[in-house]
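Below you'll find the structure, written out as structure tokens, and then a few comments.
The values are calculated or read from the model by the stated rules, or taken from the named source; none is laboratory data. Owing to the predicted nature of the structure, the values given are computational and were not obtained by experimental measurement. Glycine also receives a Cβ, built like all others from the backbone with ideal geometry; neighbour counts cover every protein chain displayed. Accessible surface is based on the protein model in full, side chains and every heavy atom, while ligands, DNA and RNA are left aside. Shrake-Rupley method; radii C 1.70, N 1.55, O 1.52, S 1.80 Å.
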Amino acid sequence: MNDIKVLINNDKIGTLFFDKKKREYGFNYVKKSAPISLTMPYKQSTYSWQHYLHPIFEMNLPEGYLFEIFKKYLSKEYGYIDDFLVFSYLAPNIESRLTFESDFDKRLFKGVDIDEILNNDSEDTFMKLLKTFLDKNAISGVQPKTLALIKDKESLSLKEYIVKTWGEEYPYLAENEYFCMKAVKYAGVSVPNIRLSINKKFLLVEKFNYNKKSAEYLGFEEVLVLLGKNRDKKYSGSYEQIAKTVYTVSTDKETSMSQLYKTIVMSYLLKNGDAHLKNFGVLYDSEFKSINFAPAYDIVNTTAYIFKDKPALTMFGKKIWFGKKELIKFGINHCYLSLSNATVFYEECNNALKKIIEEIEAYKSNNKTFDDIACKIIDSWRLSLNEKSYKEIPDEIIRNWTEN
């Protein structure tokens with residue numbers, strides 16, 4: 001594979017290359033320009049990265065389900081697979097602040113009508129979307145998903161959506177995430193536009209890296225990138241690190257820290273054991289005048305599937321489902337909140353949880369297939385309402401789940 005050109009506003013500002021013998025990735029700026037990443041300011045020498053792509057590029061690589069598809073396809077076609085080949089294949093079709101040119105051609109894609117997806121959420125539809133938009137799937141995450149260009153009825157424009165589905169290992173995951181994201185929104189946290197399909201097999205999530213007012217793509221970086229870590233380190237870290245990182249780079253620190261704090265609190269209350277370093281990020285404009293916490297995303301209840309699941313990262317050095325006292329302490333000590341603000345924000349989250357419990361109770365009575373998972377979710381959420389800390393879900397609750 002030849003070098004990959006890296007562009008901003010169609011202007012080449014650098015090249016990415018791979019030395020196979022040394023197993024070393026390198027990036028060189030070819031002109032003095034705005035940085036490609038908040039962690040990679042302009043310099044004349046090479047940014048070298050051993051064995052892994054630089055985090056700003058690697059965050060686009062598929063994982064899990066999608067990676068296995070690319071592995072099978074590219075290995076058969078080229079006789080090998082590595083991150084540089086995968087990124088070279090996907091790069092021309094990435095739509096973001098950074099764009100790329102590689103040995104592969106940029107493709108033109110036709111949009112799909114949103115109602116066609118929402119009303120025909122079958123496995124055949126998902127596979128058709130995956131095949132149609134495979135070359136655009138520069139998205140991470142292990143569950144079955146695909147990027148798709150979808151026609152917006154109101155503006156008649158094309159928008160990028162992530163279409164998520166689920167398999168037998170995590171049944172009814174679309175409904176699970178749908179209700180968790182609604183709860184986070186009720187808490188006053190910004191979230192992407194989401195839609196649940198008619199048969200509850202798909203969750204459609206609109207990508208949020210495009211500014212409609214300025215008609216430009218915003219820069220987006222995961223906290224994992226800001227910490228200079230690769231994807232195998234996404235569970236290595238703490239919520240204190242996330243708070244410190246977001247605080248350091250944010251321009252509107254008050255808003256960013258309140259949004260981050262409530263996102264972390266909701267992940268604890270909702271029993272989201274997958275809130276790792278890739279699931280928090282920041283957005284910024286082209287001039288870096290506005291750098292702030294990105295909308296919350298990828299929040300699900302994990303204890304309904306992994307009964308003894310724990311938080312993905314540490315807080316106060318431990319992986320425990322902390323209660324009110326500890327979460328308020330975290331807000332004060334690490335999100336730079338006053339006691340009154342941390343308490344108010346916690347109560348907003350608590351009230352959001354109560355509201356979503358009422359909604360899911362009513363919903364499951366009319367959606368019997370979701371009843372088993374819904375009951376496990378609700379039980380774990382009611383545990384959060386007692387505001388105590390737990391090392392894990394108590395055995396008596398788990399016995400109730402398994403016996404019923």
Q. What are the residues in region 281-336 that are on the phi > 0 side of the Ramachandran plot and small (Gly, Ala, Ser), if any?
A. Gly317
Q. Out of region 330-371, which residues are over 30 Å from Pro171 (Cα atoms) and among the hydrophobic types (A, V, I, L, M, F, W, C)?
A. Phe330, Ile332, Cys335, Leu337, Leu339, Ala342, Val344, Phe345
Q) If Tyr89 passes every condition in (1) among the aromatic types (Phe, Trp, Tyr); (2) under 28 Å from Leu38 (Cα atoms); (3) open to solvent by less than 10 Å² (accessible area, probe 1.4 Å) but one, which one does it miss? A) (3)
Q: Inspect all residues belonging to region 233-250 and state whether any of them is open to solvent by 20 Å² or more (accessible area, probe 1.4 Å), in a helix (DSSP H, G or I), of a type in the set (D, E, K, R) and farther than 28 Å from Ser389 by Cβ.
A: no
Q: Starting from residues that are touching a strand residue (DSSP E or B) at 6+ places or on another chain (Cβ under 6 Å) and open to solvent by 50 Å² or more (accessible area, probe 1.4 Å), keep the ones in region 192-227 and report whichever is modelled with the lowest pLDDT.
A: Tyr210
(Q) Looking only at region 357-367, count every residue that is outside any helix (DSSP H, G or I) and touching a residue at least 60 places away in the same chain (Cβ under 8 Å) and tell me the total. (A) 1
Q | Failed item, numbered, when Glu68 is tested on (1) surrounded by 13 or more Cβ atoms within 10 Å (Cβ to Cβ); (2) of a type in the set (Asp, Glu); (3) under 23 Å from the mean Cα position of the chain (by Cα) | A | (1)
Q: Could you please find all residues in region 161-173 being at pLDDT below 95 and either within 20 Å of Phe70 (Cα to Cα) or among the hydrophobic types (A, V, I, L, M, F, W, C) (or both)?
A: Trp166, Gly167
**Q.** Inter-residue pairs, beta-carbon under 8 Å, first part of a loop (DSSP other than H, G, I, E, B) and in region 1-21, second surrounded by fewer than 16 Cβ atoms within 10 Å (Cβ to Cβ) and hydrophobic (A, V, I, L, M, F, W, C), 6+ apart
**A.** Asp3/Phe17
(Q) Among the residues in region 330-346, are any touching a Lys or Arg at 6+ places or on another chain (Cβ under 6 Å), open to solvent by 30 Å² or more (accessible area, probe 1.4 Å) and not charged (D, E, K, R)? (A) yes
Q.
Contact list please: Cβ distance under 9 Å, first residue in region 331-356 and assigned to a loop (DSSP other than H, G, I, E, B), second residue acidic (Asp, Glu), pairs at least six apart or on different chains.
A. Tyr336/Glu254
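Here is a yes/no grid of residues against (1) in contact with a strand residue (DSSP E or B) (Cβ under 6 Å, 6 or more places away or on another chain); (2) buried (at least 18 other Cβ atoms within 10 Å of the Cβ); (3) in contact (Cβ under 8 Å) with a residue 24 or more places away in the chain; (4) closer than 30 Å to Leu353 by Cβ:
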{"site": "Asp115", "(1), (2), (3), (4)": "no, no, no, no"}
{"site": "Met127", "(1), (2), (3), (4)": "no, no, no, no"}
{"site": "Lys131", "(1), (2), (3), (4)": "no, no, no, no"}
{"site": "Ala138", "(1), (2), (3), (4)": "no, yes, yes, no"}
{"site": "Pro144", "(1), (2), (3), (4)": "no, yes, yes, yes"}
{"site": "Ser157", "(1), (2), (3), (4)": "no, no, no, no"}
{"site": "Pro171", "(1), (2), (3), (4)": "no, no, yes, yes"}
{"site": "Asn176", "(1), (2), (3), (4)": "no, yes, yes, yes"}
(Q) Contact list please: Cβ distance under 7 Å, first residue in region 287-305 and under 18 Å from Trp381 (Cβ atoms), second residue open to solvent by 20 Å² or more (accessible area, probe 1.4 Å) and of a type in the set (A, V, I, L, M, F, W, C), pairs at least six apart or on different chains. (A) Ala296/Val191
Q: Among what's in region 275-320 and is in a loop (DSSP other than H, G, I, E, B) and among the β-branched types (Val, Ile, Thr), pick the residue that is most open to solvent (accessible area, probe 1.4 Å).
A: Ile306
Q) Only one residue in Gly111, Gly79 is open to solvent by 10 Å² or more (accessible area, probe 1.4 Å) and at positive phi. Which one? A) Gly79
Q | In region 183-195, the residues that are of a type outside the set (Val, Ile, Thr) and closer than 12 Å to Asp298 by Cα | A | Pro192
Q) Only one of (1) modelled with pLDDT of 95 or more; (2) surrounded by fewer than 14 Cβ atoms within 10 Å (Cβ to Cβ) is not met by Lys324, so which one is it? A) (2)
Q: Return a yes/no flag: does region 254-270 have any residue that is free of Cβ contacts under 8 Å to residues at least 24 places away in the same chain, more than 19 Å from Ile299 (Cα to Cα), open to solvent by 10 Å² or more (accessible area, probe 1.4 Å) and not polar (S, T, N, Q).
A: yes
Q. Checking Glu58 against (1) of a type in the set (D, E, K, R); (2) over 26 Å from Ile291 (Cβ atoms); (3) open to solvent by less than 70 Å² (accessible area, probe 1.4 Å), which single condition isn't satisfied?
A. (2)
Q: Mind listing whichever residues of region 365-386 are open to solvent by 60 Å² or more (accessible area, probe 1.4 Å) and within 14 Å of Lys271 (Cα to Cα)?
A: Arg382, Asn386
